[in-house]
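Below you'll find the structure, written out as structure tokens, and then a few comments.
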Amino acid sequence: MTACGIIKPGTGGVNEAAPSGFLEIARANISAQNGKTISGNVVIYFKENGATDLYVARLEAFDVDTSSFGRLRFRVTAGGQPELDAALKGSSGNQNYSVSISANRPVWNSAAIVDPTVSPPVGGLIYGTASLTSSTSYPP
């Protein structure tokens, strides 16, 4: 909140419902890095949709220190390739991000919350990471 009692856009909690009709294919806890305060889970959801598979990357029970919130990005890799690089919707809560992916049923690798405006290490200062594990055999 600011001194006049107005919440800054995008800095508060977001509470989006888990995607309906999707299969959970990967989940991992976020581990804080570089002395930052961050917690929650990263969940990857999958849904068959004819010729195109649908994916959602979700931050669940998420919470991050809001001091540099406006600069933070949510990054996810699959098959060793970056597949999502999105601005955070809020500093806490449950947040869904649609993932457009070219690979057919990739193995999901990792996720990170990053401040790209800070140069060390290359690519930005990492606030938290999650090591995802999935297989290409979904759905069961």
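The values are calculated or read from the model by the stated rules, or taken from the named source; none is laboratory data. Note that the coordinates shown come from a computational prediction; the quantities given were computed from them, not determined experimentally. Here Cβ is always computed from backbone atoms with ideal geometry, including for glycine, and neighbour counts include all displayed protein chains.
When you look at T77, is it without any contact (Cβ under 8 Å) to a residue 24 or more places away in the chain and β-branched (V, I, T), yes or no?
So T77 fails the test.
Can you name the residue in segment 21-66 that is more than 18 Å from G93 (Cβ to Cβ) and hydroxyl-bearing (S, T, Y) and is also surrounded by the most Cβ atoms within 10 Å (Cβ to Cβ) among such residues?
The extreme case among them is Y55.
Condition check: modelled with pLDDT of 85 or more and loosely packed, with under 15 Cβ neighbours inside 10 Å. Does A78 satisfy that?
Criteria not met by A78.
Restricting to segment 87-101, and then to whatever is closer than 14 Å to Y55 by Cα and touching a residue at least 60 places away in the same chain (Cβ under 8 Å), can you tell me which residue is surrounded by the most Cβ atoms within 10 Å (Cβ to Cβ)?
Q95
Among the residues that make up segment 111-134, is at least one of them surrounded by 16 or more Cβ atoms within 10 Å (Cβ to Cβ), in a loop (DSSP other than H, G, I, E, B) and either among the polar types (S, T, N, Q) or at pLDDT 90 or above (or both)?
yes
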